[in-house]
1. Condition test on residue 28, is it surrounded by 10 or more Cβ atoms within 10 Å (Cβ to Cβ), at pLDDT 95 or above and either in contact with a helix residue (DSSP H, G or I) (Cβ under 9 Å, 6 or more places away or on another chain) or not in a loop (DSSP other than H, G, I, E, B) (or both)?
2. Residue 13 passes all but one of (1) at pLDDT 95 or above; (2) within 13 Å of the chain's Cα centre (by Cα); (3) not in a helix (DSSP H, G or I); which number fails?
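The values are calculated or read from the model by the stated rules, or taken from the named source; none is laboratory data. Keep in mind that this is a model prediction, so the values were computed, not measured. Every residue, glycine as well, gets a Cβ built from its backbone with ideal geometry; the counts of neighbours run over all protein chains shown.
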């Protein structure tokens, strides 16, 4: 399937249902784990090893944490990745 014919992605992230920080953390953690399990399955089917996937996800997570600054209103400024416009 070409990118032009790809179905739009459905977000695995429901909106938060509380303003309690500990509960928000649990909610987003569950959503992220679901998304990562889906990513793992897809990458394994494509021929990547679990080790390669785990290292890549770990490095990407560390980069995400280092690069993106969360403001008090929970918005994030996502810079454009190098080489993309």
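1. Against the criterion (surrounded by 10 or more Cβ atoms within 10 Å (Cβ to Cβ), at pLDDT 95 or above and either in contact with a helix residue (DSSP H, G or I) (Cβ under 9 Å, 6 or more places away or on another chain) or not in a loop (DSSP other than H, G, I, E, B) (or both)), residue 28 does not qualify.
2. Unmet condition: (1).
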